[in-house]
1. Do you know which residues across the range 52-76 are of a type in the set (S, T, N, Q) and open to solvent by 10 Å² or more (accessible area, probe 1.4 Å)?
2. Name the pairs: first residue in the range 540-561 and touching a residue at least 60 places away in the same chain (Cβ under 8 Å) and in a loop (DSSP other than H, G, I, E, B), second residue surrounded by 16 or more Cβ atoms within 10 Å (Cβ to Cβ) and of a type in the set (Lys, Arg), Cβ to Cβ under 7 Å, at least 6 apart or on different chains?
3. Name the residue, out of 304, 335, 248, that is in contact with an Asp or Glu (Cβ under 8 Å, 6 or more places away or on another chain) and over 16 Å from residue 207 (Cβ atoms).
4. Of all residues in the range 339-355, count the ones that are part of a helix (DSSP H, G or I), open to solvent by 30 Å² or more (accessible area, probe 1.4 Å), closer than 16 Å to residue 205 by Cα and not acidic (Asp, Glu).
5. Could you please let me know if residue 390 is under 27 Å from residue 452 (Cα atoms) and open to solvent by less than 50 Å² (accessible area, probe 1.4 Å)?
6. Going by the structure shown, is residue 227 open to solvent by less than 10 Å² (accessible area, probe 1.4 Å), part of a helix (DSSP H, G or I) and farther than 18 Å from residue 406 by Cα?
7. Need the failing condition index for residue 222 against (1) part of a helix (DSSP H, G or I); (2) over 27 Å from residue 369 (Cβ atoms); (3) among the charged types (D, E, K, R); (4) out of contact with any Leu (no Cβ under 7 Å at 6 or more places or on another chain), just the number.
8. Tell me whether the range 122-131 contains one or more residues that are out of contact with any Leu (no Cβ under 8 Å at 6 or more places or on another chain), open to solvent by less than 10 Å² (accessible area, probe 1.4 Å) and within 30 Å of residue 221 (Cα to Cα).
Amino acid sequence: MPDTQPRNATVALRLAEAFARHGVTVGFGQSLPSAFWLAAPHVGIRQAAYRQENMGGAMADGYARVSGRVGVVTAQNGPAATLLVPPLAEALKASVPIVALVQEVNRDQTDRNAFQELDHIRMFDAVAKWVRRVDRADRIEDYVDMAFAAAASGRPGPAVLLAPADLLSENAGPPGRRRAVLGTYPLDRSLPDPTLVERAARMLAEARHPLVVAGGGVHLSDAAGELAALQEAAHLPVATTVMGKGAADETHPLTLGVIGYVMGAGARTHAMRPIVDRADVILLVGTRTNQNGTDSWKLFPREARFIHIDPDPQEIGRNYETALRLVGDAKLTLAALREAMARHDLAARAAARAGVAAEIGSAIADWRRRTAGLLARAGGPVRPERVVAELDRRLDPTAIAVADASYSSIWIAQGLTARKAGARYLTPRGIAGLGWGLPMAIGAQVAAPDRRVVCLAGDGGFGHSWAELETLRRLRLPVTVIVLNNGVLAYQKDAEDARFGEHTDAVDFAPVDHAAIARACGVAGTRVERAEEVGPALDAAFASGAPALLDVITDPGARPPITVFAGHFGEEH
């Protein structure tokens, strides 16, 4: 941090000081609010400038998911602010803490149709936990603390602080007196009633066929270690949602893998459906029980009894009536549950363990047999399964895999192996907007500069964000980007064909050379047309220690194992 500060302290400096007090060392923003970004370096906050105004929010999202800290993004009033709405909506639905600092018009210009003036409070209200405008210099610290507390407490999510441009340039008084540090999450960890935890332990111990389903909330709570301890000590089978992938070690004999809408033929968990079908007690941990995670709410048996752990009481019982509501932090609650289960007779659980493990192992072996032919197929166009398999062989447990929305998220969820509890796979599953893979990967790499970050994106999604290749080069971030270039908006096309028997013209693209685009931005770009070229291309990209893009020409007829597609297309698995 520089030793000197500006001669005349401004409100912008006091604002930056308040952000720094909460542990902020980097923020994602373009020039505005200029006064803030000119003051920020004086308190040790660096600016990671995004190229497209709709990408900064996704960068802050990826940063927050990996760092365990509140992400920060800034924007100017008007158009830039409107482009924050989609990524903040993703953060709201996915429970990712972000503080967005948005510049407002000067106070004396309010409601006069000033340049790029907009009612930001109404606009952000639907996509943020908290939206406020600060108009007084002596309230800066109060409002910053409220923003960070809103973002990081309870169920995390975005908070928006609006600051008029003229306020930021005012002379400021002496530094504030607040000392609270609110920039990490979960900010406040709480435990459910101990009697409810004891009842949950009894239900699981006495269940004939218990099942644990872990969602993204396990990652948000940093509870993977506690989940692993419960799984091992109580002999419980564990499955995850797509956002929960990595919460459980997928090499553990009691880990099913990803369940939900991706259990069709060719899925790791395809032959594990009987385990789900016979579950009589299901422990839900940090999951919204959303449509995809529950295969349109058809996944679980009607007779099952549910225990739900979540910090948001409104999520518990939303889609499945619960026998026990455990409102609290996943990390603390799972630890308490393990201790409670240790006081029960777990002989039945231990006796059933070998049979469950054998069933899971047999299903995985069946999956490997079914997909062996696709993985071995040489030439081109390349199967996405082969791309992900080659990647899986090269990623260590500390690597961070980021996927764009649509099929890319499913290829990651199905094809990569979580080799430890707490492995990170970032997918935009809140509202699943296309184009967020690359900016999320940028945020993840900024948060974890010493870990390998790989981004998998389809050509449809990548077309929304390829300007950020320049950001990769400028920030010198060694992200490896893999574009699955099949010339089609595949999920949309397949969904239309399955539902209507035909598809719209909008799903087909003209050929695009993404490798050439990368090279034009100063990033190494390699075109891969044959399956046997994928591995060497990945090796070269990883060895470079620099940003790289692989433009892999893939089979447009390849489909992930989505259950709703069963019977509509010829099976290749």
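1. So in the range 52-76, the residues of a type in the set (S, T, N, Q) come out as 52, 54, 67, 74, 76.
Listed by number, the residues that qualify are 52, 54, 67, 76.
2. 547/473; 555/383; 558/383
3. Working: 304 fails: over 16 Å from residue 207 (Cβ atoms); 248 fails: in contact with an Asp or Glu (Cβ under 8 Å, 6 or more places away or on another chain).
So the residue among 304, 335, 248 that is in contact with an Asp or Glu (Cβ under 8 Å, 6 or more places away or on another chain) and over 16 Å from residue 207 (Cβ atoms) is 335.
4. Looking only at the range 339-355, we keep the residues that are part of a helix (DSSP H, G or I), and these are 339-341, 347-355.
This time we only want the ones that are open to solvent by 30 Å² or more (accessible area, probe 1.4 Å), so: 339, 347-348, 350-355.
Cutting the leftovers down to closer than 16 Å to residue 205 by Cα gives us 339, 347-348, 350-353.
Filter once more, so that each one left must be not acidic (Asp, Glu): 347-348, 350-353.
Counting residues in the range 339-355 that are part of a helix (DSSP H, G or I), open to solvent by 30 Å² or more (accessible area, probe 1.4 Å), closer than 16 Å to residue 205 by Cα and not acidic (Asp, Glu) gives 6.
5. Values: under 27 Å from residue 452 (Cα atoms): yes; open to solvent by less than 50 Å² (accessible area, probe 1.4 Å): yes.
Yes, satisfied.
6. Numbers: open to solvent by less than 10 Å² (accessible area, probe 1.4 Å): yes; part of a helix (DSSP H, G or I): yes; farther than 18 Å from residue 406 by Cα: yes.
Answer is yes for this residue.
7. (1)
8. First pass over the range 122-131, keeping only residues out of contact with any Leu (no Cβ under 8 Å at 6 or more places or on another chain): 122-123, 125-126, 130.
From the residues that got through so far, the ones that are open to solvent by less than 10 Å² (accessible area, probe 1.4 Å) too are none.
No, the conditions are met nowhere in the range 122-131.
The values are calculated or read from the model by the stated rules, or taken from the named source; none is laboratory data. In this text the structure is predicted, and so the values were computed from the model without any measurement. Using ideal geometry, Cβ is built from the backbone for each residue, glycine included, and neighbour counts are taken over all protein chains shown. Ligands, DNA and RNA are excluded from the accessible area calculation, which covers all protein heavy atoms including side chains. Shrake-Rupley method; radii C 1.70, N 1.55, O 1.52, S 1.80 Å.
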